[in-house]
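Since the structure comes first, as structure tokens, the remarks are kept for the end.
Every read-out reported here was derived from the displayed coordinates using simple, explicitly stated rules and does not represent laboratory data. Bear in mind the structure is a predicted one, so any value in this text is a computation, not a measurement. Cβ: placed from backbone, ideal geometry, glycine included. Neighbour counts: every protein chain shown.
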């Protein structure tokens, strides 16, 4: 599975959009981009995933560049409850996939009032 | 629908003691996973299971054993606890390994301290 690179920390003002970048330059064709977050002391929570196209759900939007080497998670109106560590994970969906997630260090997002 | 539950929530062990952590899921998921998370670190996979009666090693399996006798339960055992196993343990489950719809659902964690 491809390795990802994320900034260690980011700040965002409450009510503004939070844009969290992720680089995955070695991603291959059958690998999905997943985003999870972990609010302090809790288990990680699934946010969104995508393959090629941009995706949106009730929590966030995922923008994947055309060459798929990077992506951005967008929280449109960040609240204090969005303060968490955000993990970008790339994982294969092919026949050898065992569902394993490889977590990096993630980005600590601090939403400030 | 309780999702993924873990028992116990907290535990303190002495070096050399043994214990079993229980993970249960009520979503009829095929895949289950055990992770550990040390302070300031991301999660690391200990063992996983792709179905009832099957188990496999993850990134950091040494010192742990697992069993999946029933589809809904995944047990993590420490036969002889060591201080290096002080950590927060998370269990997760997912429906299928295929495609992009198999997000993992995590339990609340078990905080284990080995003195």
So if I take the centroid of the Cα atoms in segment A:1-24 and the same for segment B:47-98, what is the distance between those two points in Å? 30
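Between residue B:62 and residue A:72, what is the FRET efficiency for a Förster distance of 30 Å, r being their Cβ-Cβ separation, to the nearest 0.05? Could the numbers behind the result be given before it?
Working: r = 38 Å, r/R0 = 1.25.
After rounding to 0.05, the efficiency reads 0.20.
Within a 10 angstrom radius of the beta carbon, how do A:87, B:105, B:89 rank from fewest other beta carbons to most?
B:105, B:89, A:87
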Cα centroid separation - segment B:1-46 against segment A:38-76, whole Å: 25
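Across peptide B:35-46, how many C-beta atoms of other chains are within 10 Å of each residue C-beta, on average? Each step should come with its number before you reach the end.
Working: counts 5, 0, 4, 0, 0, 2, 4, 11, 10, 2, 6, 0.
The mean count of partner-chain Cβ atoms within 10 Å per residue comes to 4.
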Can you pull the one-decimal nm distance between simple spin-label points at residue A:40 and residue B:14, each 7 Å off the Cα toward Cβ? 3.4
Exposure proxy order (Cβ contacts within 10 Å, fewest to most) of B:71, A:69: A:69, B:71
Kindly give the semi-axes, whole Å and largest first, of the ellipsoid equivalent to segment A:1-58, taking each as the square root of 5 times a Cα gyration tensor eigenvalue. 22, 14, 14
Neighbouring partner chain Cβ atoms per residue of B:103-110, average, 10 Å criterion: 5
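What is chain A's relative contact order, in percent, from Cα pairs under 8 angstrom and six or more apart in sequence? Before the final figure, lay out each step's value.
Values: 280 pairs, mean separation 41.3, N = 113.
Averaging sequence separation for qualifying contacts and normalising by length gives 37 percent for chain A.
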Along the principal axes of its C-alpha atoms, what lengths does the protein assembly as shown span, in descending order and rounded to whole Å? 50, 42, 34
Using 0.36 nm per residue of separation minus the Cα-Cα distance, give me the extension gain between residue B:113 and residue B:5 in nm, one decimal. 36.9 nm
Length gain on complete extension for the stretch residue A:57 to residue A:11, per 0.36 nm per residue less the alpha carbon to alpha carbon distance? 14.3 nm
Please report the antiparallel percentage of the DSSP beta bridges confined to the protein assembly as shown, to the nearest 5. 85
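Take peptide B:8-16, look around each residue's Cβ out to 10 angstrom, count Cβ atoms belonging to other protein chains, and average those counts. Show your work: numbers first, answer last.
Numbers: counts 0, 0, 0, 0, 0, 0, 0, 0, 0.
Mean number of neighbouring Cβ atoms from other chains: 0.
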For segment A:15-56, list residues with backbone N below 17 Å from a point placed 7 Å from the Cα of residue B:41 toward its Cβ? A:41, A:44
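Using Cα pairs closer than 8 Å and at least 6 residues apart in sequence, work out the relative contact order for chain B, in percent. Can you show the working numbers first?
Values: 304 pairs, mean separation 40.4, N = 115.
For chain B, the relative contact order is 35 percent.
Just to check, using Stokes-Einstein with a Kirkwood Rh over alpha carbon pairs, what's the diffusion coefficient of chain A at 20 °C and 1.002 mPa s in µm²/s? Provide the component values of the computation, followed by the final result.
Values: Rh = 14.1 Å.
Taking Rh from Cα pairs, D becomes 152 µm²/s.
Looking at the P(r) of chain B, how many percent of alpha-carbon pairs lie beyond 19 Å?
Values: 2655 of 6555 pairs.
In whole percent, the share of Cα-Cα pairs in chain B beyond 19 Å is 41.
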Sequence of B:34, A:35 once ranked by neighbouring C-beta atoms within 10 Å, starting from the fewest: A:35, B:34
How big is the C-alpha Rg of segment B:28-69 next to the rule-of-thumb value 2.2 N^0.38 Å, as a ratio? 1.21
